[in-house]
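The values are calculated or read from the model by the stated rules, or taken from the named source; none is laboratory data. Everything numeric in this text was worked out from a predicted model, so none of it was measured. All Cβ positions, even for glycine, are placed from backbone atoms using ideal geometry, and neighbour counts span all protein chains on display.
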Amino acid sequence: MTSSGRLPLTGINVADFSWFGAGPICGQALAVYGATVVRVESETHVDGLRAIGPFPTGKTGYNVSGYFNNYNANKLGITIDLNTEKGRGLALRLVRWADVFLTNMTPRILGRWGLTYEELVKVRPDIIAAYQPMQGLDGPHRDFLGFGAVLGPITGFNHLVGFPNRPPAGLGTNYPDYVINPMHTVVAIVAALRHRRRTGRGQRVELAQIESVVAALAPAVMDYTVNGRTQERAGNRIAHAAPHGAFRCRTIKVPTPFGERDEDRWCVIACFDDEQWAKLRLAIGDPDWARDERFSTHAGRKANEDDLERSIEAWTAERSPEEVMATLQAAGVPAGVVQNARDCLEDPHLRERGYYVYLDHPEAGRTAYDGSGLHLSETPARFERAAPCLGEHTHQVCKEILGLSDEEIAELTVEEVLR
């Protein structure tokens with residue numbers, strides 16, 4: 001930490017008009033590095049993420065979603081009905097205060113609310129307005145809306161995920177929302193801030209989420225461009241390694257509110273050359289099946305991969321994934337436990353590095369938040385405040401940031417503009 005205690009984005013104000021994942025994650029990344037971020041919501045159309053679990057045991061409501069809270073730490077929360085004329089006026093007052101405007105709403109909605117870039121520059125000429133439309137601000141699909149679960153299929157990811165001769169399995173999570181799109185937007189916003197510092201000029205930042213995600217599929221796109229080959233689903237296998245996959249290990253009993261249940265456990269193993277295969281053979285006791293000539297070369301192991309995997313899994317199934325990993329790693333074979341959420345929270349490496357941050361929320365209680373994915377040695381991220389309850393800071397923001405009197409705030413509350 002520097003002697004001044006200032007974070008790199010201290011003094012930067014952000015009006016966060018986003019919802020669900022990609023926008024709020026981007027806003028939180030700015031907030032934990034010092035930006036003052038005001039998250040704008042509405043009781044008339046609550047962010048759907050507030051209604052999605054996990055929830056603390058025995059607790060319900062819009063303020064206890066672990067999903068929502070994990071993406072909105074360090075923010076101030078205000079509720080404004082943007083479908084009212086006065087609500088839109090308050091939004092523009094917030095834009096006048098802000099250095100950065102952030103949203104992942106559709107262009108149609110933004111046009112209805114008067115939050116297009118052309119309208120924003122009228123009240124804040126040097127605003128950096130970051131838009132994250134799913135398919136861009138123009139083009140035939142500009143008004144299509146969707147989430148990470150939609151982006152997976154339309155960007156080609158789902159086509160590659162699953163097993164041969166089976167339908168696409170999908171990513172199983174809204175991966176584009178969590179990783180690619182928010183961090184691409186953070187980089188663009190920081191670049192725009194630097195440009196404004198040098199020139200005094202703001203600009204519109206457009207991150208079409210479909211294009212941001214397609215960029216991460218570059219190897220498959222290149223394979224088609226160069227070789228005319230459309231890559232297909234291959235399960236856990238890849239062309240240049242055998243074995244290469246997740247192998248079932250010994251199940252364990254885990255407690256649940258309804259009694260104990262069996263939990264599957266897995267370990268990934270990979271051999272990229274014959275030397276690693278020889279090490280694996282010795283590590284598992286050099287059984288007769290492993291000396292089969294079919295497995296002596298990479299080509300042979302690929303040609304007989306089903307038999308190879310069955311034989312390896314007979315060995316792993318009798319052991320814990322931790323034992324499998326330790327045994328093979330000690331022999332110089334790539335291997336790793338397929339960790340679940342409990343494993344990650346208890347992971348000694350992540351604990352030693354202090355990745356997870358625990359914050360006290362007025363309704364959800366003390367819960368874990370994902371830490372920052374990047375580390376600045378002189379100005380590390382600070383998680384100082386849990387995610388806001390719905391409208392928690394409405395009065396504070398109206399008075400301290402928008403400059404409204406108590407009487408004006410009361411009147412807008414009665415008129416249900418602040419809701």
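The table for this structure:
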item	result
Any hit, the stretch 177-188, residues being among the polar types (S, T, N, Q), surrounded by fewer than 17 Cβ atoms within 10 Å (Cβ to Cβ), in contact (Cβ under 8 Å) with a residue 24 or more places away in the chain and farther than 19 Å from Asn13 by Cβ	no
Enumeration of residues in the stretch 369-406 that are small (Gly, Ala, Ser) and either more than 24 Å from Lys59 (Cα to Cα) or without any contact (Cβ under 8 Å) to a residue 24 or more places away in the chain (or both)	Gly371, Ser372, Gly373, Ser377, Ala381, Gly403, Ser405
Residue satisfying all of: in the stretch 36-54; in contact (Cβ under 8 Å) with a residue 60 or more places away in the chain, surrounded by fewer than 22 Cβ atoms within 10 Å (Cβ to Cβ) and touching a helix residue (DSSP H, G or I) at 6+ places or on another chain (Cβ under 9 Å); farthest from Leu412 (Cα to Cα) among these	Arg50
Selected residue (criterion: farthest from Asn70 (Cα to Cα)) from residues of the stretch 356-414 that are in contact with a Phe, Trp or Tyr (Cβ under 9 Å, 6 or more places away or on another chain) and among the polar types (S, T, N, Q)	Thr379
Odd one out for Ile12, checked against (1) within 18 Å of Pro388 (Cα to Cα); (2) more than 18 Å from the chain's Cα centre (by Cα); (3) among the β-branched types (Val, Ile, Thr); (4) at pLDDT 95 or above	(1)
Test: residue in the stretch 376-384 that is closer than 30 Å to Trp277 by Cβ and of a type in the set (S, T, N, Q)	no
Residue check, Phe258 over 22 Å from Tyr131 (Cα atoms), over 24 Å from the mean Cα position of the chain (by Cα), modelled with pLDDT of 95 or more and of a type in the set (Phe, Trp, Tyr)	no
Test: residue in the stretch 157-175 that is in contact (Cβ under 8 Å) with a residue 60 or more places away in the chain, surrounded by 17 or more Cβ atoms within 10 Å (Cβ to Cβ) and touching a strand residue (DSSP E or B) at 6+ places or on another chain (Cβ under 9 Å)	no
Any hit, the stretch 129-146, residues being assigned to a helix (DSSP H, G or I) and free of Cβ contacts under 8 Å to residues at least 12 places away in the same chain	no
Qualifying position, being at pLDDT 95 or above, in the same structural domain as Pro125 (by TED's automatic domain parsing), over 23 Å from the mean Cα position of the chain (by Cα) and not in a helix (DSSP H, G or I), among Arg194, Arg250, Arg201	Arg201
Every pair of residues 6+ apart whose Cβ atoms lie under 6 Å, when the first sits in the stretch 205-231 and is more than 29 Å from Tyr131 (Cβ to Cβ) while the second is in a loop (DSSP other than H, G, I, E, B) and of a type in the set (D, E, K, R)	Asp223/Arg229
Hits in the stretch 214-247 (condition: in a strand (DSSP E or B) and closer than 17 Å to Val161 by Cα)	Ile238, His244, Gly245, Ala246
Candidate set from the stretch 36-87 (those that are small (Gly, Ala, Ser) and part of a loop (DSSP other than H, G, I, E, B)); member that is nearest to Pro24 (Cα to Cα)	Ala73
Yes/no for Ser296 being free of Cβ contacts under 8 Å to residues at least 60 places away in the same chain and over 24 Å from Thr173 (Cβ atoms)	yes
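This table checks each residue for (1) under 17 Å from Gly245 (Cβ atoms); (2) of a type in the set (Lys, Arg); (3) more than 30 Å from the chain's Cα centre (by Cα).
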position	(1), (2), (3)
Asp288	no, no, yes
Arg294	no, yes, yes
Thr297	no, no, yes
Lys302	yes, yes, yes
Leu308	yes, no, yes
Ile312	yes, no, yes
Trp315	yes, no, yes
Arg319	yes, yes, yes
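Quick grid of which residues meet (1) at negative phi; (2) outside the structural domain of Leu90 (by TED's automatic domain parsing); (3) surrounded by fewer than 19 Cβ atoms within 10 Å (Cβ to Cβ):
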| site | (1), (2), (3) |
| --- | --- |
| Ala381 | yes, no, no |
| Ala386 | yes, no, no |
| Cys389 | yes, no, yes |
| Gln396 | yes, no, yes |
| Lys399 | yes, no, yes |
| Asp406 | yes, no, yes |
| Arg419 | yes, yes, yes |
